[in-house]
Structure formats: C-alpha cells, structure tokens
1. Which of the residues that make up the stretch 42-58 are part of a loop (DSSP other than H, G, I, E, B) and on the phi < 0 side of the Ramachandran plot?
2. When the stretch 32-64 is examined, which residues are found to be surrounded by 15 or more Cβ atoms within 10 Å (Cβ to Cβ), within 11 Å of GLN13 (Cβ to Cβ) and not small (Gly, Ala, Ser)?
3. Take ASP15 and tell me if it is surrounded by 14 or more Cβ atoms within 10 Å (Cβ to Cβ) and among the charged types (D, E, K, R).
4. Quick one: GLY37 ticks every box in (1) touching a strand residue (DSSP E or B) at 6+ places or on another chain (Cβ under 7 Å); (2) modelled with pLDDT of 95 or more; (3) within 17 Å of VAL69 (Cβ to Cβ) bar one, so which box is it?
Amino acid sequence: MTMELAVRGDHIQLDQLLKATGLCDSGGAAHAAIAEGRVRVDGAVDTRKRAKLRPGQRVDFAGQTVMLVAGG
C-alpha cells in the first residue's frame, strides 16, 4: 500500500516519519526498525535514525510505501 505524507518545512527525520505515519508505535520502535536495517529510503537500506528526508523521496517499511510530498 502507498500513502503520501506532506512535509512541513524542508525536511522530516526518518524516525519522525515512521511515528507520524503510524508505521511504528513509538520512537523506540522506529529506532529499532531503522537500526535493524528494515527501512529503505529510495530503494536503499538507511540506518540513520535522524536522516533528513525531503519531498520527492520514498520510504519503504513493513510492506508499506510512503511518498513524501511538499506540504503547505
């Protein structure tokens, strides 16, 4: 399944994205998933918890795809 997330400002951190979309229940769960290499950004595994993501990027996790779009 694919969803869109509007980014307010110029970026969102990877751990915050996982929480904001409900893909992870807590920051700790998000950090664990990222550290275990279960999150892909633009098709590549990214283990940086606070990676700055910008509109146009794609995050894949747990069978879900999140497309980042510019917010208002």
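1. ASP46, THR47, ARG48, LYS49, ARG50, ALA51, ARG54, PRO55, GLN57
2. ILE34, LYS49, LEU53
3. Criteria met by ASP15.
4. It is condition (3) that GLY37 fails.
The values are calculated or read from the model by the stated rules, or taken from the named source; none is laboratory data. Just so we're clear, the structure is a prediction, and the values are computed from it rather than from any experiment. Quick reminder, even Gly has a Cβ in these numbers, built from the backbone with ideal geometry, and neighbours come from all protein chains shown.
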